[in-house]
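Here the structure comes first, spelled out in structure tokens, and everything after it is commentary.
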């Protein structure tokens, strides 16, 4: 399925990008005022385009966050094109007063041990609403590059955004979601519309993600092929072997 991008993609810095030790090519780009990074494997070429995976960090953390970069480089070395962007108000994007106030109030409530659901809702709900159209525009532009296959497309990472995209964009064919971030009420309802194959990663002792809520979300997905991987440990303790398992998941659905 081909879409005509409404904004042109421009690579920044050296046009050749940076070749990493494993042969992966890393390039920064701008799409309008949206900054992003694209990693492509050494095998990617017009004659052999690589399938694309969109990779987003939970709740819009910066695209240069080391854990996201490590996942992206590993996945690109396995033969995939991987792209990420900074969500509005995150990373290199200008901060908004409303989002900064919501973050400050959330931090205060967490330190005080007060209820945080409505504060998370006030922060993450608008963030998803603002980010989803920009990710779709990014996808439009990336699929015009000759070294990237025009489908199917995978998604990895931030659960709330992934639910929104998987429920509304037919180009998303498989999604790996991290149950480590707050999912707004709107996306918990949209989960019932998600039918693509899913791999759902849950840290059993995640201090910021109630286990019961994550299990209820997994149950709500309409997908007939959905897999839950639950590992002991806190929020940042996802075992390294999950990268290999995730690659096998995308191999099954994007190759």
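The values are calculated or read from the model by the stated rules, or taken from the named source; none is laboratory data. Just so it is clear, the model here is predicted, and its values are computed rather than measured. No Cβ is skipped: glycine too gets one built from the backbone with ideal geometry, and neighbour counts run over all protein chains shown.
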Residue match in region 149-165 (condition: outside any strand (DSSP E or B), surrounded by fewer than 20 Cβ atoms within 10 Å (Cβ to Cβ) and modelled with pLDDT of 90 or more): no
Which members of region 48-72 meet the condition of being under 25 Å from residue 170 (Cα atoms) and assigned to a loop (DSSP other than H, G, I, E, B)? 49, 57, 63
What number of residues in region 25-34 are within 15 Å of residue 137 (Cβ to Cβ) and touching a strand residue (DSSP E or B) at 6+ places or on another chain (Cβ under 7 Å)? 4
Subset of region 73-87 that is part of a helix (DSSP H, G or I) and in contact with a strand residue (DSSP E or B) (Cβ under 8 Å, 6 or more places away or on another chain) - its residue that is surrounded by the fewest Cβ atoms within 10 Å (Cβ to Cβ): 73
Considering only residues that are free of Cβ contacts under 8 Å to residues at least 24 places away in the same chain and either closer than 17 Å to residue 152 by Cα or crowded, with 17+ Cβ neighbours inside 10 Å (or both), which ones fall in region 48-68? 48
Just wondering, is there one or more residues in region 92-109 that are touching a residue at least 12 places away in the same chain (Cβ under 8 Å), out of contact with any helix residue (DSSP H, G or I) (no Cβ under 8 Å at 6 or more places or on another chain) and within 30 Å of residue 52 (Cβ to Cβ)? yes
Quick check on region 10-18. Is at least one of its residues surrounded by 14 or more Cβ atoms within 10 Å (Cβ to Cβ), at pLDDT below 85, touching a strand residue (DSSP E or B) at 6+ places or on another chain (Cβ under 9 Å) and on the phi > 0 side of the Ramachandran plot? yes
